[in-house]
Amino acid sequence: MAFYRSHILVSVDPKCLQKGSHEILDSLQDELVSHGLVDEVQVLETSRIGDPDVDGPDLIVYPEGVHYANLSVDDIPFLVEEHFLKGRIVEKLKAREHVLSDEELGAPKSKEVRVVLRNCGKIDPNNIEEYIAEDGYMALAKVLTEMSPETVIDTVMQSGLRGRGGAGFLAAQKWKFARQSPGEIKYVGCNADEGDPGAFMNRRVLESDPHSVIEGMAIAAYAIGAEHGYIYCRAEYPLAVKTLNIAIMQAREFGFLGKNIMGTGFTFDLEVRMGAGAFVCGEETALMSSIEGKRGEPRPRPPFPAVKGLWQKPTNINNVETYANVPQIVLKGPEWFAAMGTEKSKGTKTFAMAGDVKNTGLIEVPFGITLREIVYDIGGGIKDDKDLKAVQTGGPMGGFIPIQYLDLPVDYEALASVGSIMGSGGMIIIDEDTCMVDMARFFMEFTQDESCGKCVPCRVGTRRLLEILTRICEGKGQEGDIEQLENLSQEIRADSLCGLGQGAPNPVLTSIKYFREEYEAHIREKRCPAKVCRALISYEILEGPCTGCTVCARNCPVNAISGERRQTHLIDPDICICCGICMQVCNFNAIRIN
Amino acid sequence: MLKFLETIPATDPLAKPEQRQIIDQILEENKDIPGGLMVILNELQNRIGFISLAMQQYVSHKMRIPTSTVHGVVSFYSFFTTTPRGRHTVKFCMGTACYVGGVPQLIEKAKQTLGVDPGQTTPDGNVTIELCRCVGACSQAPVVVVDEEVHGRVRPNKFPQILRAVLDQGKQTSEQQA
Ligand SMILES: Cc1cc2nc3c(=O)[nH]c(=O)nc-3n(C[C@H](O)[C@H](O)[C@H](O)COP(=O)(O)O)c2cc1C
Ligand code: SF4
Ligand code: SF4
Ligand code: FES
């Protein structure tokens, strides 16, 4: 009887078969034969391996008991060479444990403080009793039974709570205006439009702790004298809408919404309205138009919503996170809240960290923490130990912050002082392989597409900026382009009605300010220093490391790669569209950009 | 109104009794609430899959508002579509994290596999590919959404497997129908 030193068990249940287990089996045999390992390694078929949550196709290698998952045929040559020839376990192909609760929100890291996110992942959002068990609706009870609307406003004022949706206006100040505005009927609105790409803090709160927002809104409604509220949620978040609707129904059943709440005579009810994919609807006046069933175009302020808002009635609009802070402030006292943060920015802020950082996901930190602490201590540094180049905050209306400001304490004023904004909390970490001109172009494509078109400078100006940036990326930039970008930016900023137009030039201006030499390299030398802009680079396969595994050739979308199995492959530069797929899929680092 | 109904093309959802019933129900439930137009259009888009010109006219009749108003709202929001999508939709997130994370490469791949550009539907009516805004799963970038299911960390060589699932299903449904 033959003696095998290893056994590979390949899962062949229907799901894995559909995803290509047979090809995996064939390829395994192939590779084992060519490496002369057939007599040492036995390949067996088996039905489903253990964990039903692991994505197939998957296989287990014994005696080590290593579980590789989510495989494709392209991984097999590398896997066989590494594991069976060189005896190294391939970490990147190992089955990831599906921790159901959390890929985006792990246990709090050392410098985090969780206020808004405190219940997320801990309680069942669809069961109001679990929220109540965490002191839920205690703050509302306290407000309704012990506090006058004025004391509520004073309390929130003392806490220093500022709006978390962008501009950072004092929440209590807005409430005060709305309270003082004459009128019988008033509204509270919650801005859950979260349109900034790369931001998902609000989604998480809505999906995991909806009652904290509902409770905060009820308290605000009491403070300003409103009986009706709307939560405007973007259509991209169907789960958040569903969770909110369930939460609202349960709150009604428990008597926290509706008529005569907790027997105090206070009446307040709430409904969810959905957006339909227009970014500008995050702007508060556009948001109100959209709730009214109209095109979501901004209108000039004043009159401010606190005076003339929804259906011309005084209205208070706050962000999800702003409201979610309120119950805690009432319960723990404004002093507790004001003790966190900096002089002018109190409390904590959630950020969605994405991009080239090791630990992507949601974090909540006190204001005043430095970017360095966020990126390195909490984020774990840059992926593949590359160098950090910039941090982008504030979404498409924000700016790039270069590494010389890494020790900047994060608060509203500090970010503004370097040309960016706090925004709602999206944070994109950018490494050395990212082209700043391309990033600026990317953001301009976004704003240009999302401009509602009402103001000419915004509509036409953003299009012009995009044209120039595209030209530069294509290697057709001219002397004077940088100056033209700057001038146009100033005009758009000065003459646009809403924050979209006013903020649109920020990515361009900050990238020019801090990375001017990259623009110049594109324009003068027709060179993209980060090797990103397709027109300015070419791909090449290196003879040494290329094993002829054919992965690149099979994945190239335009069939630009030729070569026999086990022989060095070649890219035809006339066909290659420089998409970079070959480099991503090559397991042997055999592909280089020039 | 009657005259208008006679001119509806036979393929329009309004001409199909089951869908007509859904449309009427959506209108009945929402036409009198404040700001009801958005609610109605969202429901129509969700349950019928698109909002045809005839449906827009129908809404304007029922709500007693000008057709141009309805049309203006439909055209403002990118979620509303006026033609039917394929049986399956594959959406590519074009948010910042996904752009940086490699979605553009996946789009090349999809164009190659399916032979259509973003915004188009395969000739057999099976798959529509679309670009979309950040879906809020940035920590898993690059993200592709197939129908309702979010696929994260999609590497180009894993992508065909994801597509294959919809293609196979599409084949099955058309076989069943045949
Ligand atoms: C183009 C644009 C988009 C915006 N998007 C959002 C958003 O997605 N969420 C949000 O809360 N605020 C957004 N804002 C800010 C709102 O206009 C408004 O300031 C905020 O909702 C007020 O709430 P706060 O005081 O609690 O921050 C946006 C503003 C502009 C100009
Ligand atoms: S600045 Fe741009 S988005 Fe804002 S109202 Fe004007 S055109 Fe519309
Ligand atoms: S860069 Fe893209 S197009 Fe060019 S050879 Fe590689 S995979 Fe093919
Ligand atoms: S950028 Fe793609 S999910 Fe956010």
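Might you check whether a residue that is on the phi < 0 side of the Ramachandran plot and outside any loop (DSSP other than H, G, I, E, B) occurs anywhere in the stretch A:110-128? Within the stretch A:110-128, one or more residues are on the phi < 0 side of the Ramachandran plot and outside any loop (DSSP other than H, G, I, E, B). With the structure loaded, tell me whether A:Ala530 is outside any loop (DSSP other than H, G, I, E, B) and touching a helix residue (DSSP H, G or I) at 6+ places or on another chain (Cβ under 9 Å) or whether it fails that test. For A:Ala530, the condition - outside any loop (DSSP other than H, G, I, E, B) and touching a helix residue (DSSP H, G or I) at 6+ places or on another chain (Cβ under 9 Å) - is not met. For the stretch A:370-390, the criterion of being within 16 Å of ligand 2 (Cβ to nearest atom), open to solvent by less than 10 Å² (accessible area, probe 1.4 Å) and of a type outside the set (A, V, I, L, M, F, W, C) is met by none of the residues.
Cβ separations smaller than 8 Å between residues 6+ apart or across chains give the following pairs from the stretch A:39-54 residues that are closer than 15 Å to A:His67 by Cβ to residues that are hydrophobic (A, V, I, L, M, F, W, C) and at pLDDT below 70: A:Asp53/A:Leu100.
Just one of the numbered conditions (1) out of contact with any Ser or Thr (no Cβ under 8 Å at 6 or more places or on another chain); (2) more than 14 Å from chain A (Cβ to nearest Cβ); (3) in a helix (DSSP H, G or I) is not true of B:Asn46: (2).
Inside the stretch A:271-289, residues that are free of Cβ contacts under 8 Å to residues at least 60 places away in the same chain, more than 9 Å from chain B (Cβ to nearest Cβ) and outside any strand (DSSP E or B) make up a count of 1. Residues of the stretch A:112-144 that are open to solvent by 70 Å² or more (accessible area, probe 1.4 Å) and at pLDDT below 90: A:Lys122 alone. Which of the residues that make up the stretch A:331-359 are open to solvent by less than 30 Å² (accessible area, probe 1.4 Å) and within 14 Å of chain B (Cβ to nearest Cβ)? Across the stretch A:331-359, the qualifying residues are A:Thr350, A:Phe351, A:Ala352, A:Met353, A:Ala354, A:Gly355, A:Asp356, A:Val357. Identify, please: which residue in the stretch A:457-479 is touching a helix residue (DSSP H, G or I) at 6+ places or on another chain (Cβ under 8 Å) and of a type in the set (Val, Ile, Thr) and is, among those, farthest from the other protein chains (Cβ to nearest Cβ)? Once the filter is applied, the top-ranked residue is A:Ile468. Listed conditions (1) away from chain B (no Cβ under 13 Å); (2) free of Cβ contacts under 8 Å to residues at least 24 places away in the same chain; (3) within 16 Å of ligand 1 (Cβ to nearest atom); (4) open to solvent by 30 Å² or more (accessible area, probe 1.4 Å) are all met by A:Glu445, apart from (1).
Which residues, taken from the stretch B:16-31, are more than 12 Å from every other protein chain (Cβ to nearest Cβ) and open to solvent by 20 Å² or more (accessible area, probe 1.4 Å)?
Initial filter on the stretch B:16-31 (more than 12 Å from every other protein chain (Cβ to nearest Cβ)): B:16-29.
Within the stretch B:16-31, B:Lys16, B:Pro17, B:Glu18, B:Gln19, B:Arg20, B:Gln21, B:Ile22, B:Asp24, B:Gln25, B:Glu28, B:Glu29 qualify.
Could we say that A:Leu542 is within 24 Å of A:Ser489 (Cβ to Cβ) and away from every other protein chain (no Cβ under 14 Å) here? So A:Leu542 fails the test. Among the residues making up the stretch B:125-135, a single one is open to solvent by less than 10 Å² (accessible area, probe 1.4 Å) and closer than 15 Å to B:Val100 by Cα: B:Cys134.
The values are calculated or read from the model by the stated rules, or taken from the named source; none is laboratory data. Computed from a predicted model, the values in this text were never measured in an experiment. Note that we place each Cβ from the backbone using ideal geometry, even for glycine, and neighbour counts take in every protein chain shown. The accessibility values were calculated without ligands, DNA or RNA, using every heavy atom of the protein model including side chains. Shrake-Rupley method; radii C 1.70, N 1.55, O 1.52, S 1.80 Å.
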